[in-house]
Amino acid sequence: MPTNRELMLSGELYADGDPELVGIRRACQRLLDRFNATTADQDAQRTEILRELLGGLGDDSWVMPRFQCDYGTHITIGRNSFLNYDAILLDCAPITIGDDCSIGPRVQLLTALHPMDDHRARRSRWESAAPIAIGDNVWFGGGVIVCPGVTIGRNTVVGAGSVVTRDLPDHVFAAGNPARVIRQLPVEADRDEAAVRPAPSP
């Protein structure tokens, strides 16, 4: 018989109060307490804690406190990505953030779901979850909310305060509640740092 953790990660209904899950969340919260208590000049300590907390953290990526998540181990962040203040990542299912992403302040990535039609199951704290995937070079303005099961394409920009309830394709600007595609963005060639960085001053 599968454990509640296995049910959670497979997208099935699971018991939120399962002792194993409660223990993992508490361990996560202890690491978050340490991370959020760091001071402005403790960059190395922040990175060390994040590498212990998260499922993966790419080179040159960083996260600003205050940061909140449920488990930590289900979150993977690529290289050269940035999460601004007050990010909330409810990682009951995997959350994948690509390379070169810019995540604005108070962004929420929420994988958790509760039964809609079965009020008794909801009252008994049964829930499920669906993963969130964010492609490379995505920019979220402040306060964006991404709902469970959503995939965001690469090089896409989401306007501040938007609520993303459905997948967004590559190379678009989307905004609103619910978010909708406003316009296409230029298709970028393969990443070439020499091409995108400004030339040094003479």
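The values are calculated or read from the model by the stated rules, or taken from the named source; none is laboratory data. Since this is a predicted model, take the numbers as computed values, not measurements. For neighbour counting, all protein chains shown are included, and Cβ atoms are generated from backbone atoms with ideal geometry for every residue, glycine included.
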_Within the range 3-14, does at least one residue satisfy the condition of being in contact with a Lys or Arg (Cβ under 9 Å, 6 or more places away or on another chain), more than 18 Å from P131 (Cβ to Cβ) and surrounded by 15 or more Cβ atoms within 10 Å (Cβ to Cβ)?_
no
*Report, by residue number, each residue of the range 68-102 that is under 19 Å from P131 (Cα atoms) and among the aromatic types (F, W, Y).*
Y71
*Taking L21 as meeting all but one of (1) modelled with pLDDT under 95; (2) within 26 Å of S128 (Cα to Cα), write down the number of the exception.*
(1)
*asked:* Filter the range 103-125 down to the residues that are surrounded by fewer than 19 Cβ atoms within 10 Å (Cβ to Cβ) and part of a strand (DSSP E or B) and list them by number.
replied: Q108, A112, L113
*Could you tell me whether any residue of the range 59-68 is closer than 25 Å to E12 by Cα and in contact (Cβ under 8 Å) with a residue 24 or more places away in the chain?*
yes
*asked:* Please verify whether G55 is of a type in the set (G, A, S), closer than 22 Å to L113 by Cα and more than 19 Å from the chain's Cα centre (by Cα), treating the condition exactly as stated.
replied: no
_I need the full set of residues from the range 149-177 which are under 22 Å from H114 (Cα atoms), buried (at least 17 other Cβ atoms within 10 Å of the Cβ) and either touching a helix residue (DSSP H, G or I) at 6+ places or on another chain (Cβ under 6 Å) or of a type in the set (A, V, I, L, M, F, W, C) (or both), in order please._
V150, V164
*In the range 111-123, is there at least one residue being within 11 Å of the chain's Cα centre (by Cα) and of a type outside the set (F, W, Y)?*
yes
*How many residues are among the acidic types (D, E) and over 12 Å from L32 (Cα atoms) when one looks only at the range 50-82?*
2
